[in-house]
Amino acid sequence: MARMTKVIDLPSMTKLNKANGQISTQLIHIFRAAVQQGDLQSGDALPSSRELAQTLNVARGTVIEAYEQLIAEGVFESHARKGTFVSQTLNHSTTETLKREKQETDIPLTSAAQAFAEILKEFRPLPHRPFAVSVPTGRTQPNDMWRKYGNQYRARGIAAPSGYDDPQGILSLRIAIADYVRRSRSVHCDPEQIVITSGIQQALYICSHILFNANDTVWVEDPAYRGTTAILEHSLHHLKIIRVPVDEEGIQVNIGRTLAENARAAFVTPSHQYPIGMPMSLARRTALLAWAKQQNAWIIEDDYDSELRYSGQPFPALQGMASDQVIYLGTFSKVLFPSLRLGYAILPKKLVASFCGLRALIDRHPPSADQHVLAAFIQEGHLERHIRRIRKVYAENRLQLINMIERHIPKHLGFLQSGDQGMHMLLWLADHLDDRAIAQSALDSGISIKAVSPTYSNQTKRSGLILGLGDFDIQQMERAVTQLAKIIQHHDR
Ligand SMILES: Cc1ncc(COP(=O)(O)O)c(C=O)c1O
């Protein structure tokens with residue numbers, strides 16, 4: 001396709017004051033300043049002298065005079081039959097010097113601005129290499145049907161460009177999800193209770209706003225997903241966060257009751273505790289629900305990767321046992337791909353309008369085209385087929401990884417907690433090893449890995465590494481584990 005010349009608008013021309021006369025001199029000053037400030041950059045095309053003269057209502061000769069002067073100075077250059085452009089050479093160095101000299105504003109950053117800038121460091125995605133979580137390539141990418149529905153619907157069909165859509169998400173996707181979660185997770189809901197979100201992350205954020213009053217107390221598992229704790233720590237409601245320790249059965253409800261009986265909500269990962277990996281026992285589920293009933297508290301059930309089980313039968317979701325108190329959060333990040341940014345919240349009916357109201361203020365609604373493609377993908381049975389397929393790939397990778405870790409990582413330095421589901425495993429490290437330093441060294445040598453200690457509260461920190469299952473080949477994984485073993489041994493010295 002022929003490259004179109006970009007003729008830029010010239011806001012700086014508002015500085016021209018015809019009453020002051022000397023119009024061509026004024027034009028020269030204005031253009032020079034625009035180049036120095038970077039409003040005009042090398043290669044930018046200028047309007048033709050005729051066009052500019054017309055717009056400014058001045059004689060064409062005046063504009064030509066200004067252009068010729070700037071060409072003579074080397075600020076502009078003229079190309080036969082193409083027009084006048086900002087010069088490729090002089091302009092670059094002038095702009096760069098000026099940019100360097102520009103002073104940063106003195107306005108101080110608020111503590112919130114500083115805190116969010118820190119948070120960004122934690123949430124930068126890791127490079128797509130072992131052991132980043134959920135990197136779909138080849139075998140774990142959605143199949144041709146995904147592309148087919150995309151082509152079919154986006155061009156002319158239901159997903160073609162249109163006006164604003166429903167903040168709750170499109171109905172056909174909500175119907176498809178209601179049907180899917182009933183079969184796969186024993187979640188019972190009407191499509192009217194479902195809100196399509198930009199992943200669980202957005203749903204957690206909305207929950208943190210709408211469920212609480214100022215200074216309310218909430219329970220959060222210890223350890224827990226940083227995406228949850230970071231939101232709560234920076235909530236505008238100044239929430240009091242009670243970290244409730246987990247043991248091998250999940251959140252210790254009796255400890256939560258002792259620490260803060262009257263909390264307003266509990267944020268939990270019952271089907272696959274994040275990051276440790278075990279499901280919450282039936283006894284704990286019953287105790288948690290009994291507490292929530294008694295206290296009239298919400299339970300936020302983060303069900304981020306329960307579809308990926310490698311043995312046994314899954315526990316049904318908590319939502320099915322107390323649909324009026326549980327907010328169930330699901331995502332397509334793990335079973336399809338994270339860049340899709342689609343998830344769902346299944347809400348008690350009385351919360352739906354508030355949830356959608358805040359959602360509308362954040363980003364109106366999720367991209368409609370992707371929702372239509374996903375709805376068709378689920379309705380036609382492709383999602384469940386896809387999950388069966390990727391489960392095999394991840395199960396295979398998981399076994400390979402367990403085997404490699406057993407062979408390469410000395411037992412006194414690392415102990416693997418593999419669990420039997422999900423997209424990551426936990427490698428506990430000996431207490432004296434600094435998991436953050438090891439994760440950083442690993443990253444520096446091309447291995448994407450996260451430390452577990454930031455998921456803990458200060459009192460209970462443990463050392464370990466979160467190893468994600470992605471669609472990596474065996475040689476890649478073997479190289480990464482061998483290298484990781486060397487790094488761990490190096491840090492042992
Ligand atoms: C426990 C947990 N909850 C929520 C999320 C957020 O997922 P999403 O991509 O849907 O925002 C993640 C992502 O890794 C997670 O691990």
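The values are calculated or read from the model by the stated rules, or taken from the named source; none is laboratory data. What you see is a predicted model, and the numbers here were worked out from it, not measured in a lab. With ideal geometry, Cβ positions are generated from the backbone for all residues, glycine too; neighbour counts draw on all protein chains shown. Surface accessibility is based on the protein's heavy atoms, side chains included, excluding ligands, DNA and RNA. Shrake-Rupley method; radii C 1.70, N 1.55, O 1.52, S 1.80 Å.
One table, with the values for the structure above:
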{"quantity": "Only listed residue being closer than 30 Å to Lys450 by Cα, at pLDDT 90 or above and either open to solvent by 30 Å² or more (accessible area, probe 1.4 Å) or acidic (Asp, Glu) (or both), chosen from Arg139, Arg185, Arg124, Arg147", "calculated": "Arg124"}
{"quantity": "Residues satisfying the stated conditions in region 310-355, i.e. of a type in the set (Lys, Arg) and either within 16 Å of the ligand (Cβ to nearest atom) or free of Cβ contacts under 8 Å to residues at least 24 places away in the same chain (or both)", "calculated": "Lys334, Arg341, Lys350"}
{"quantity": "Matching residues, region 150-182, being assigned to a helix (DSSP H, G or I) and touching a Phe, Trp or Tyr at 6+ places or on another chain (Cβ under 6 Å)", "calculated": "Ile177"}
{"quantity": "Number of the condition not met by Phe212 [criteria: (1) open to solvent by 40 Å² or more (accessible area, probe 1.4 Å); (2) away from the ligand (no atom under 16 Å from the Cβ); (3) at pLDDT 95 or above; (4) of a type in the set (Phe, Trp, Tyr)]", "calculated": "(1)"}
{"quantity": "Answer from Glu101, Glu68 - the residue that is open to solvent by 80 Å² or more (accessible area, probe 1.4 Å) and at pLDDT 90 or above", "calculated": "Glu68"}
{"quantity": "Of residues in region 215-228 being in a loop (DSSP other than H, G, I, E, B) and open to solvent by 10 Å² or more (accessible area, probe 1.4 Å), the one nearest to Tyr328 (Cα to Cα)", "calculated": "Tyr225"}
{"quantity": "Region 397-435 - residue that is hydrophobic (A, V, I, L, M, F, W, C) and open to solvent by 70 Å² or more (accessible area, probe 1.4 Å) and, of those, nearest to the chain's Cα centre (by Cα)", "calculated": "Leu399"}
{"quantity": "Which numbered condition Val268 misses (of (1) modelled with pLDDT under 95; (2) more than 24 Å from Ala115 (Cα to Cα))", "calculated": "(1)"}
{"quantity": "Residues being within 16 Å of the ligand (Cβ to nearest atom) and at pLDDT 95 or above - total across region 379-388", "calculated": "1"}
{"quantity": "Residues satisfying the stated conditions in region 209-226, i.e. free of Cβ contacts under 8 Å to residues at least 60 places away in the same chain, of a type in the set (A, V, I, L, M, F, W, C) and over 13 Å from Pro245 (Cα atoms)", "calculated": "Phe212, Ala214, Val218"}
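Quick grid of which residues meet (1) away from the ligand (no atom under 16 Å from the Cβ); (2) in contact with a Lys or Arg (Cβ under 6 Å, 6 or more places away or on another chain); (3) without any contact (Cβ under 8 Å) to a residue 24 or more places away in the chain:
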{"site": "Ser186", "(1), (2), (3)": "yes, no, no"}
{"site": "Tyr205", "(1), (2), (3)": "no, no, no"}
{"site": "Thr258", "(1), (2), (3)": "yes, no, yes"}
{"site": "Tyr274", "(1), (2), (3)": "no, no, no"}
